[in-house]
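Student: This structure is in structure tokens; I'll ask about it shortly.
The values are calculated or read from the model by the stated rules, or taken from the named source; none is laboratory data. A quick note: this is a predicted structure, and the numbers were derived from the prediction, not measured. Cβ atoms come from the backbone with ideal geometry, glycine included; neighbour counts cover every protein chain shown. Protein only, heavy atoms only, side chains kept; ligands, DNA and RNA dropped before computing areas. Shrake-Rupley method; radii C 1.70, N 1.55, O 1.52, S 1.80 Å.
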Amino acid sequence: MRAMIEKYASLLQDSSGVQAILAEMDRQISDASISIDSAKEGVREFSKAIRTNKALLLLGMGASHYANELFALQLRKVGIQAIAISASEFLYDPLPVWKAPVLFTSQSGESVETVRCLSLLQGCQLFSITLNGNSTIGRKTYALVASGGEEKAFAGTRSVTLTISLMASVCEVLGCFTKKDLQRALLSGPETVESLEKALGLLIQARQVVATGRSLFSPIAHLFALGCEELSRISILCLESGQLRHGPTEILSSDTTLVLFRQDGTLGQLAGSFEELQRKAGFSFVVFDASSFKALDQAVTIRFPTGEDMLAVLGMMSAFQTLMITFACAKNPYTGIPRYGSKVTTSE
């Protein structure tokens, strides 16, 4: 997949941004494995607090918020009252009463809204997942620190993979799956790179791109859309599939490419409803498919190991990162070089 990114990076007027992203991606799997081992004690303490209280509030911004949503959905499947709220929302509209543990997720540990929420939750057990243990959040919470230091490139790749890996490690301790399953997920990927190339062709020719998924596969759709927007400077609509079905389907047309993240089980079967919709609207169709079902008609299907939990999501990380980066390279000659934003947002 690195070769695919390098191929499209050659189109850029300035490839330094993409080269910085590639440097991060090259390390993400090894850093994830190291992080899981080095944070064992913190993972045990965090897991104990979750198991004891049966509740967790998760706060973060940007990609960290979507990672929190993924984690919360996995925890809810095992009976934990897990609520993921963006830190900016909680800052101005906090929950009236919260006594259970809190997780602050921030790769830098300095995202302004997340830092400001610290003062609102004194008296709670405060945990964090960060890449910077010396940050404000790292110092003021019980921090699970990912390996390798802060991410330098603009769009989140390594930081998101490490964050989700540590969250999955907590879920492993809580009995959601085995450590062997987690290690296998880190090393998994698409059946073929050729399917990614075909998907890229559909995205490049589309006038609009829409991303969607259900349950745990909705946050990964949001992560994909966020990365595409940051890097390509093109708006991408992303909605949870149920929300997409309630009205916004009217925007779908032959000018659209729909990117669907599909899991196994009942929710994977529900994805079949998009076949009839595609026949009516004529949109192009890309499916990141971790289901055991027949591929959807008229779709470019990117196959992954079967699953419906966060390990299936983790197995898609490198592939969806590759697609979002190459799409951006085809659209923005300065991919990875921000105009207005910064890696760490320190003002509201």
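Student: Which residue out of Gly138, Gly156, Gly149 is outside any helix (DSSP H, G or I) and more than 17 Å from the chain's Cα centre (by Cα)?
Tutor: Details: Gly138 fails: outside any helix (DSSP H, G or I); Gly156 fails: more than 17 Å from the chain's Cα centre (by Cα).
Within the list Gly138, Gly156, Gly149, the selection yields Gly149.
Student: Within the range 1-15, count every residue that is of a type outside the set (D, E, K, R) and either under 19 Å from Ser195 (Cα atoms) or not in a loop (DSSP other than H, G, I, E, B) (or both). Lay out the reasoning, then the answer.
Tutor: Residues of the range 1-15 that are of a type outside the set (D, E, K, R), as a first pass: 1, 3-5, 8-13, 15.
Filter once more, so that each one left must be either under 19 Å from Ser195 (Cα atoms) or not in a loop (DSSP other than H, G, I, E, B) (or both): 1, 3-5, 8-9.
Selection size over the range 1-15: 6.
Student: Does the range 72-97 hold any residues that are of a type outside the set (Val, Ile, Thr), part of a strand (DSSP E or B) and open to solvent by 10 Å² or more (accessible area, probe 1.4 Å), and which are they? Walk me through it before giving the result.
Tutor: Pass one, the range 72-97, residues of a type outside the set (Val, Ile, Thr): 72-77, 79, 81-82, 84, 86-96.
Applying the additional criterion that residues be part of a strand (DSSP E or B) yields 81-82, 84, 86.
Once the filter is applied, which keeps residues that are of a type outside the set (Val, Ile, Thr), part of a strand (DSSP E or B) and open to solvent by 10 Å² or more (accessible area, probe 1.4 Å), the range 72-97 yields Gln81, Ala84, Ser86.
Student: Conditions: (1) at pLDDT 95 or above; (2) in a loop (DSSP other than H, G, I, E, B); (3) under 23 Å from Leu226 (Cβ atoms). Phe104 meets all but one. Number of the miss?
Tutor: So Phe104 meets the others, but not (2).
Student: Please pick out the residue among Leu186, Leu196 that is touching a Pro at 6+ places or on another chain (Cβ under 7 Å) and part of a helix (DSSP H, G or I).
Tutor: Residue meeting the stated conditions: Leu196.
Student: Please go through the range 161-189 and pick out each residue that is among the small types (Gly, Ala, Ser) and either closer than 14 Å to Ser318 by Cα or open to solvent by less than 10 Å² (accessible area, probe 1.4 Å) (or both). Can you show your working first?
Tutor: The initial filter retains those residues of the range 161-189 that are among the small types (Gly, Ala, Ser), namely 165, 168-169, 175, 185, 188-189.
Matches in the range 161-189: Ser165, Ala168, Ser169, Ala185, Ser188, Gly189.
Quick grid of which residues meet (1) among the basic types (Lys, Arg); (2) surrounded by fewer than 22 Cβ atoms within 10 Å (Cβ to Cβ); (3) at pLDDT 95 or above:
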position	(1), (2), (3)
Asn134	no, yes, yes
Ala143	no, no, yes
Phe154	no, yes, no
Arg158	yes, no, yes
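Student: Given the criteria assigned to a loop (DSSP other than H, G, I, E, B), open to solvent by less than 60 Å² (accessible area, probe 1.4 Å), touching a residue at least 12 places away in the same chain (Cβ under 8 Å) and not acidic (Asp, Glu), does Ser253 qualify?
Tutor: Numbers: assigned to a loop (DSSP other than H, G, I, E, B): yes; open to solvent by less than 60 Å² (accessible area, probe 1.4 Å): yes; touching a residue at least 12 places away in the same chain (Cβ under 8 Å): yes; not acidic (Asp, Glu): yes.
Yes, satisfied.
Student: Tell me which residues, restricted to the range 229-250, are small (Gly, Ala, Ser) and either farther than 28 Å from Lys77 by Cβ or assigned to a loop (DSSP other than H, G, I, E, B) (or both).
Tutor: Ser232, Ser235, Gly247
Student: Check whether at least one residue in the range 279-292 is of a type outside the set (Gly, Ala, Ser), modelled with pLDDT of 95 or more, closer than 23 Å to Cys228 by Cβ and open to solvent by 10 Å² or more (accessible area, probe 1.4 Å), and report yes or no.
Tutor: No, every residue in the range 279-292 fails to be of a type outside the set (Gly, Ala, Ser), modelled with pLDDT of 95 or more, closer than 23 Å to Cys228 by Cβ and open to solvent by 10 Å² or more (accessible area, probe 1.4 Å).
Student: Scan the range 161-172 and give yes if some residue there is in contact (Cβ under 8 Å) with a residue 60 or more places away in the chain, among the polar types (S, T, N, Q) and touching a strand residue (DSSP E or B) at 6+ places or on another chain (Cβ under 8 Å), otherwise no.
Tutor: To start, the set of residues in the range 161-172 that are in contact (Cβ under 8 Å) with a residue 60 or more places away in the chain comprises 161-171.
Pick out the ones that are also among the polar types (S, T, N, Q) and you get 161, 163, 165, 169.
Subset that is touching a strand residue (DSSP E or B) at 6+ places or on another chain (Cβ under 8 Å): 163.
Yes - at least one qualifying residue is present in the range 161-172.
Student: Pull up the range 34-71, narrow it to residues that are β-branched (Val, Ile, Thr) and open to solvent by less than 10 Å² (accessible area, probe 1.4 Å), then point me to the one that is farthest from Val97 (Cα to Cα).
Tutor: Pass one, the range 34-71, residues β-branched (Val, Ile, Thr): 34, 36, 43, 50, 52.
Next, from what is left, pick out any that are open to solvent by less than 10 Å² (accessible area, probe 1.4 Å): 43, 50.
Numbers: Val43: 26, Ile50: 18 Å.
Step by step, filter the range 34-71, then rank; the result is Val43.
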